[in-house]
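Reading through the structure tokens given below for one structure.
Read-outs: derived from the displayed coordinates by stated rules, not from any lab. Predicted, not measured: the structure shown is a model, and the values here were computed from it. Every residue, glycine among them, receives a Cβ derived from its backbone with ideal geometry; neighbour counts consider all protein chains shown.
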Amino acid sequence: MNIKKLIASKIKANFENVNLEDLIIESVSADKGDFSLPCFTLAKELKQNPVKIAETIAESIEIGDLIEKCEVMGGYLNFFLKKEELSKEILEKFSVSNFKSNEGEGKTICIDYGSPNLAKYLHIGHLKTLIIGESFARLFENFGYTVKRLNYIGDYGTPFGKIIGGMQEWGSMEDVEKRGNDALQEYYVKFNAKEAEDETYSQKARDIFKKIEDKDPEVYPIYEKVIEIGLKEAMKMFDILGLKFDDYRGEMYYNQFMPEIKKMLEDKNLLIDSQGAKIVDLQEYGLTPAVLFKTDGASLYTSRDICAVIDRHKEYNFDKMIYVTDVAQKLNFQQLFKIMELAGFDFYKDMEHIGYGRFSLPDGKIASRKGKQAVLEDLLKLAQDKATEIIKDRKFLIENPEDVAKKVARGALSFAVLKVEQIKDCVFDVDKAFSFEGETSPYMQYTYTRLESILRKYEKKDVKPDFSWVNNEAFELIKQVNGFGVTMKNALEKRDISIITKRVMELCKAFNKFYTTTKVLDGNDATTKAKIMLVKALRDTMKIGFEIICIDTMQEM
Ligand code: ARG
């Protein structure tokens, strides 16, 4: 139900070209009514006093079935609604299907996220692409879109020459099979160290990589094995986070189309020579030149992305192609989109980049392995340990403590990423994140279990629900439940999941506030029934919210 629209329909005063509905806001506190109309914008436009305008509108309002009274306060007009009637109507009409829509029917959204470079450990920054990408995928699905989850693995380049070179020199396939990624990383690091002393090693790496590209029968099978191990390790992390992708084709796969793509770019006169390299000049568009081919003709990150997007468009006929990466890659994607436009691909308009800021831990929380950033696997383990610790005291109370601990761990990680706008940097404060107090995911998950527990205890009675008890706390909840669809739409349009996270947190807080003042199972069948309608609507609303922000719900914890 669109309450703002309903309120606006009761206002008889008419202002040309002004949609009053858009100006109405939710009141900040109960003494200021349920909704308010700030009259300052109107005042400016009409060059009148805001109080005067508020008074004029107040006089024109139809008091009755919806609005109980209205009050002018400063430049605001505050509306006090008929809580009992409105609550009854909202809760009786409540259905989760109100939050879904079919606006996306027949439309396909491709989301490229997660996409790790397999030559390196997944690091904690990958948590952001994984969770933000998944969350958008779920949000789009909620609105009826078909979503394709694409994991564009980084399986191309001289780093793989180094890994295999290192393996040939110091290791063995048995070692790789036994120690997985750890062995591969060791060779890589050792090779790099060697290269720093002896430059023939750079050429060695390039030569090996060339053999990989040429599918040399000696080297290529080793490369395939390396990729298989790297991907398997990455998939372990995806698994822990509960993520699955539809497509794992990466840079090497799409690189096969490079000759025809290069020719196409040449035919369109887009490639120019620059000291032997081939670049696209984008100066006219305020962008630095994009280097597409190195002096030796080798392809680069951007040229492979050109191949990938053309192929993906053929295959998925996407309505949108969204890339979720570190904001540091912003320029790269601006160049890519511009090149697609210049090359005459109309779908460049449907390509979009969602960039995110840093993710970090306070110093010393994770001992660093080689490399600059902490390794994702270590973070997942840390979260799991912390979650197990807080569940320990409750173990005898819950049926499946391991499962609960897993969900708590995952929830804390998702919350850390999604509680702030993705572009902002976030620091994961592990100690705070696993507390039941304050704005944390265990607090949210626990609140949810309270709703479930109330619903389990309720015994259905065949009576007419009585809403006469609806107080400010309850009405606040009902308003939020009612507005949740708009919240989700907003998050989708603004490309900001934190809008939903914040709203779910508010719902939790509002419920706990309500619950301290109101007994739900109060011994009166008729009022209990109405309260249960509220709890149920709240539970269903929260469940959708939790799902989108990648926090698991459970029956007890
Ligand atoms: N592998 C890249 C990285 O780890 C991200 C790839 C993003 N997707 C793409 N199509 N460029 O930074």
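Using the 10 angstrom Cβ neighbour count as an exposure proxy, how do 304, 358 rank, fewest first?
Working: 304 24, 358 15.
Ranked by crowding around the Cβ, least crowded first: 358, 304.
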- Message: Quick check on the chain: of the DSSP beta bridges with both residues there, what percent are antiparallel, nearest 5%?
- Response: 50
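Given only helices, namely DSSP H runs of n ≥ 4 each adding -39500 (n - 2.57), what is the per-residue ellipticity at 222 nm of the chain, to the nearest 500 deg cm²/dmol? Working shown, then result.
Working: 22 runs with 296 residues, N = 557.
The per-residue figure over the chain is -17000 deg cm²/dmol.
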- Cα-based shape type of the range 200-335, given that a ≥ b ≥ c are square roots of the gyration tensor eigenvalues and the cut on a/c is 1.5: oblate
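Tell me, what is the FRET efficiency for residue 330 and residue 463 to the nearest 0.05, using R0 = 56 angstrom and their Cβ-Cβ distance as r? Mind showing how you got there, number by number?
On the way: r = 59 Å, r/R0 = 1.06.
Once rounded, the FRET efficiency stands at 0.40.
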- Cα to Cα, under 17 Å, and not fewer than 8 places away if on the same chain: which aspartates and glutamates meet these conditions relative to residue 44? 16, 22, 55
- What share of Cα pairs, in percent, lie more than 14 angstrom apart in the range 243-287? 66
- Distance (nanometres) between label positions extended 7 Å along Cα→Cβ at residue 21 and residue 236: 5.4
- Note on the structure: The long-range amide H neighbours of residue 353, using H built 1.01 Å from N in the peptide plane and a cut-off of under 5 Å, are 323
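Can you put 141, 62 in order of Cβ neighbours within 10 angstrom, beginning with the fewest?
Details: 141 16, 62 11.
Listing 141, 62 from fewest to most nearby Cβ atoms yields 62, 141.
Hey, any idea what Rg/Rh is for the range 446-557, computing Rh the Kirkwood way over Cα pairs? Show your work: numbers first, answer last.
Numbers: Rg = 14.5 Å, Rh = 14.6 Å.
Taking Rg over the Kirkwood Rh, I get 0.99.
Can you list the trypsin sites (Lys or Arg not before Pro) in the range 454-486 that are in a DSSP coil and have 12 or fewer other beta carbons within 10 angstrom? Please report the intermediate quantities before stating the final value.
Numbers: sites: 456, 457, 460, 461, 479; in loops: 460, 461.
Those that pass, being in a loop and sparsely packed, are 460, 461.
In the structure shown, do any of 320/424; 314/338; 479/531 have a Cα-Cα gap over 22 Å, and if so which? Numbers along the way, then the final one.
Working: 320/424 24 Å; 314/338 19 Å; 479/531 15 Å.
With Cα atoms farther than 22 Å apart: 320/424.
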- Message: If I model a spin label at residue 228 and residue 203 as a point 7 Å from the Cα along the Cα→Cβ vector, what separation in nanometres do I get?
- Response: 3.4
- Among the lysines, which fall within straight-line cross-link reach of residue 392, defined as a Cα-Cα distance under 16 Å, with same-chain neighbours fewer than 8 residues apart omitted? 406, 407
- Taking the C-alpha atoms of the chain, how large are the radius of gyration and the largest Cα-Cα span, Dmax, in Å? 28.6, 88
- Message: What lysines does residue 69 reach when the alpha-carbon gap must be under 16 Å and sequence neighbours fewer than 8 apart in one chain are set aside?
- Response: 4, 10, 12, 32, 82, 83
- Item | Length added when fully stretched, residue 71-residue 393, from 0.36 nm per residue minus Cα-Cα | 110.8 nm
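Over all directions, the average projected area of the alpha-carbon convex hull for the range 1-75 comes to how many nm²? List each step's numbers first, then the result.
Working: hull surface 19.4 nm².
So the mean shadow area of the Cα hull is 4.9 nm².
Suppose the chain between residue 341 and residue 400 were pulled fully straight at 0.36 nm per residue; how much longer would it get relative to their current alpha carbon spacing?
Values: separation 59, 0.36 × 59 = 21.24 nm, distance 5.37 nm.
Stretched fully, the residue 341-residue 400 segment lengthens by 15.9 nm.
Let a ≥ b ≥ c be the square roots of the eigenvalues of the Cα gyration tensor of the range 148-273; is it rounded (a/c under 1.5), or, if not, prolate (a/b larger than b/c) or oblate?
Details: a/c = 2.18, a/b = 1.16, b/c = 1.88.
Oblate, because a/c is 1.5 or more while a/b does not exceed b/c.
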- Message: Give me the three principal axis extents of the range 342-416 from the C-alpha atoms, as integers in angstrom, largest value leading.
- Response: 64, 33, 16
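Please say if the range 69-182 is rounded, prolate or oblate, where rounded means a/c under 1.5 for a ≥ b ≥ c the square roots of the C-alpha gyration tensor eigenvalues, and otherwise the choice is prolate for a/b larger than b/c and oblate otherwise?
Working: a/c = 4.11, a/b = 3.06, b/c = 1.34.
Prolate.
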- Placing +1 on each Lys and Arg Cβ and -1 on each Asp and Glu Cβ in the chain, then taking the dipole about the Cα centre, the residue among 332, 269, 170 whose Cα reaches farthest towards the positive end is 332
- Item | Distribution of pairwise C-alpha distances over the range 276-421, 10 Å bins, in % | 9, 26, 23, 21, 14, 6, 1
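To make sure I understand, if each residue's beta carbon is the centre and we count other beta carbons within 10 Å, what order do 233, 266 fall in, fewest to most?
Result, fewest neighbours first: 266, 233.
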- Query: Simple spin-label model, 7 Å along Cα-to-Cβ: residue 296 to residue 220 in nm?
  - Reply: 1.9
